[in-house]
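What follows is a single structure, written as structure tokens, with notes after it.
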Amino acid sequence: MKSNIMAGLTAVFLVSTASVVMAQPVTINFLTAEAEGSFDAAIERFEAENPDIKVNFETVPFDSMVPTIESRIGSQDSSLDLFLVDTPRVPAMARNGQLRDISDRREAVEAVASEAAQSVLEYNDTLYALRLWTSTQLMYYNKDLFDGAGLPYPSSEEMERMTYDEVIALARQVIEGSDAKYGLVLEQIDRYYQLQPLFQGNGGGTGLTGDDNLTPDVINAAWIEAGEFYASLFDEGLAPRGIAPDQMPSVFTSGETVFYVTGPWRLQDFAAAEDVNFGLAPIPYWDGGEPQTPTDSWAVAISPHAANPEAALKFAEFITLDPEGVGLVLQGIPNIPVNSEAYGPYIDWLAGENPEVGDDLKKIMTYELANTPVPRPRSIGYVAFETVLNRAFSDIRNGAAVEPTLQQAQQQLESQLRRIQ
């Protein structure tokens with residue numbers, strides 16, 4: 001991220017550079033699933049202001065993040081000080097004793113984050129994490145394919161948001177008149193995070209009900225109908241099989257996809273791609289339903305066995321509560337900050353960095369974040385829920401029949417969640 005975002009943040013905030021010298025030099029180990037170098041700017045500034053604390057950045061693949069944390073905490077590994085945690089997993093991890101109580105920092109969190117942003121970090125009225133980012137989704141479309149088919153571009157206006165049926169019909173028109181291969185691709189193609197609005201937005205609920213969200217409900221008529229629609233994307237060749245989510249962006253940057261749904265974090269990669277000229281539109285919704293968009297993202301938690309919990313918490317606060325630290329993290333990872341004071345400079349910078357779509361980007365994102373987010377269900381059974389459903393989605397994507405697959409998922413969830421209650 002270019003330095004002008006920091007200039008914007010500096011213009012808005014007066015940041016103290018005073019540091020408290022700790023008694024002895026310590027090294028804290030910070031585990032994430034982010035790329036090497038992505039936190040370098042924040043770490044460098046933090047270490048300059050806190051010369052007696054060194055931050056060792058560790059990264060593992062996304063799919064290995066949770067098992068790695070569970071293994072290291074389970075073995076009481078004191079070398080793991082702090083780590084990123086997906087916010088819906090906070091209740092289960094807190095219940096399992098995998099997160100340190102940081103309730104004494106509640107007032108600091110309240111000062112910069114909304115009530116909704118705070119609640120996802122708690123379990124039994126105890127604060128266990130500091131919210132780093134939130135998220136939303138955008139529907140990218142390939143302008144060159146629309147030009148090739150002689151069709152007008154989709155609207156970026158909320159009042160002209162398309163339904164799923166309208167998107168599919170338009171995608172078919174573009175495919176027929178251009179070199180397009182795929183019609184509608186969801187980047188996190190078999191993960192609950194991105195598929196939740198497809199099922200919940202059809203009136204099927206989150207998939208969890210009852211006391212403490214421990215009763216599965218993934219075989220109601222609306223879930224099955226949404227599942228049939230999801231399956232049709234692959235059965236009819238509108239979305240690809242056999243490609244992992246982390247490889248999916250190439251399906252759009254190669255210039256062969258009409259509509260592609262992902263977050264704003266892909267803007268810079270797509271803008272740099274040679275074979276794609278893109279525009280932005282709001283993601284689709286079900287006819288007769290309410291628009292819904294995925295939300296949530298990573299938070300920062302402290303290990304209960306951390307060798308240096310005070311130093312770890314100090315760094316966690318720097319990258320989540322301090323606008324300076326938030327801005328420095330954004331230099332490496334331009335995700336949406338939860339810190340309300342940092343959002344204005346962030347969205348202005350992001351729109352300015354993408355002038356071709358900047359106005360549409362700012363309009364869509366600001367509306368979605370305020371009006372359409374649907375958080376994932378808060379439940380101590382969420383980890384089991386997500387694991388079972390992601391496997392079911394993958395099976396459906398690869399040709400398994402929808403209703404029997406969801407029936408099997410329902411049975412597995414009933415068994416697993418019963419043991420948790």
Taking R0 as 41 Å and r as the Cβ-Cβ distance between Ser79 and Tyr153, the FRET efficiency 1/(1 + (r/R0)^6), rounded to the nearest 0.05, comes to 0.20
Projected onto their principal axes, the Cα atoms of the chain stretch, largest extent first, over whole-Å spans of 69, 52, 33
One finds, for Arg172 and Phe62 with R0 = 22 angstrom and r their Cβ-Cβ distance, a FRET efficiency to the nearest 0.05 of 0.10
Descending packing, highest mean Cβ count within 10 Å first, for 203-212, 331-340 is 331-340, 203-212
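Run through segment 148-209 and list the GluC sites (Glu not before Pro) located in a DSSP loop whose Cβ has at most 16 other Cβ atoms within 10 Å. Please list the in-between numbers first.
Values: sites: Glu157, Glu158, Glu160, Glu166, Glu176, Glu187; in loops: Glu157, Glu187.
Hits after loop and neighbour filter: Glu157.
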Whole-Hz Karplus couplings 3J(HN,Hα) for segment 363-379, θ = phi - 60° and coefficients 6.51, -1.76, 1.60, Gly and Pro as x, run 5, 5, 4, 5, 5, 4, 4, 8, 10, 10, x, 10, x, 5, x, 8, 7
Log entry: pair-distance distribution for segment 83-215, C-alpha pairs binned every 10 Å from zero, whole % per bin is 9, 28, 26, 19, 14, 4, 0
Note on the chain, DSSP bridge orientation, antiparallel percent to nearest 5 equals 55
Under the helix-only model (-39500 (n - 2.57) for each DSSP H run of 4 or more, divided by the residues of the chain), the mean residue ellipticity at 222 nm, to 500 deg cm²/dmol, is -13000 deg cm²/dmol
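Could you tell me which of rounded, prolate or oblate describes segment 360-419, using a ≥ b ≥ c as the square roots of the eigenvalues of the alpha-carbon gyration tensor, with rounded for a/c under 1.5 and, failing that, prolate when a/b is larger than b/c and oblate otherwise? List each step's numbers first, then the result.
On the way: a/c = 3.92, a/b = 1.74, b/c = 2.26.
Oblate is the answer for segment 360-419, as a/c is 1.5 or above yet b/c matches or exceeds a/b.
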Given a 1.4 Å probe, the accessible area of the chain per residue, as a whole number of Å², is 41
Partner aspartates and glutamates whose C-alpha sits under 14 Å from that of Lys314, ignoring same-chain residues fewer than 8 away, are Glu47, Glu49, Asp52, Asp81, Asp104, Asp322, Glu324
Of the accessible area of the chain, computed with a 1.4 Å probe and all protein chains kept, carbon and sulfur make up a percent value of 46
With label points set 7 Å from each Cα along the Cα-to-Cβ direction at Asp165 and Arg95, the distance between them in nm comes to 4.0
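With 17 Å as the cut-off, how large is the P(r) tail for segment 296-395, expressed as percent of Cα-Cα pairs? Show your work: numbers first, answer last.
On the way: 3292 of 4950 pairs.
For segment 296-395, the share of Cα pairs beyond 17 Å comes to 67 percent.
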With the convex hull built on the alpha-carbon atoms of segment 264-352, volume per residue in Å³ sits at 164
The orientation-averaged projected area of the Cα convex hull of segment 260-312, in nm², is 7.5
Diffing segment 244-259: the Karplus 3J(HN,Hα) column from phi (6.51, -1.76, 1.60, θ = phi - 60°), in whole Hz with x for Gly and Pro, holds 6, x, 6, 9, 5, x, 5, 5, 8, 5, 6, x, 10, 10, 6, 10
Interchain or sequence-distant (5+) residues whose placed amide H lies within less than 5 Å of the amide H of Leu127 are Ile102, Ser103
Sorted by chain and then number, the residues having a modelled amide H within less than 5 Å of the amide H of Ile336, at least 5 places away or on another chain, are Thr134
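Looking at segment 331-421, which GluC sites (Glu not before Pro) are in a loop (DSSP not H, G, I, E or B) and have at most 14 other Cβ atoms within 10 Å? Each step should come with its number before you reach the end.
On the way: sites: Glu341, Glu353, Glu356, Glu368, Glu386, Glu414; in loops: Glu356.
Passing both the DSSP loop test and the Cβ count: Glu356.
With r as the distance between the Cβ atoms of Glu403 and Glu107 and R0 = 35 Å, compute the FRET efficiency 1/(1 + (r/R0)^6) and round to 0.05.
Working: r = 50 Å, r/R0 = 1.42.
Step by step, r from the Cβ atoms, then E = 0.10.
Compute the relative contact order of the chain as a whole-number percentage, counting only Cα pairs closer than 8 Å that sit 6 or more residues apart in sequence.
Details: 751 pairs, mean separation 117.3, N = 421.
Answer for the chain is 28 percent.
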In whole Hz, the Karplus estimates of ³J(HN,Hα) for segment 176-189 (6.51, -1.76, 1.60; θ = phi - 60°; x where Gly or Pro) are 5, x, 8, 8, 5, 9, 10, x, 9, 10, 9, 4, 7, 5
If amide H atoms are modeled at 1.01 Å from N in the peptide plane, then the residues at a separation of 5 or more from Leu208, or on another chain, having amide H under 5 Å from its own are Asp217
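The values are calculated or read from the model by the stated rules, or taken from the named source; none is laboratory data. Small disclaimer: the values here were computed from a predicted structure and weren't measured. Backbone-built Cβ (ideal geometry, glycine too); neighbour counts: all protein chains shown. Side chains included, ligands, DNA and RNA excluded: accessible areas come from the protein's heavy atoms. Shrake-Rupley method; radii C 1.70, N 1.55, O 1.52, S 1.80 Å.
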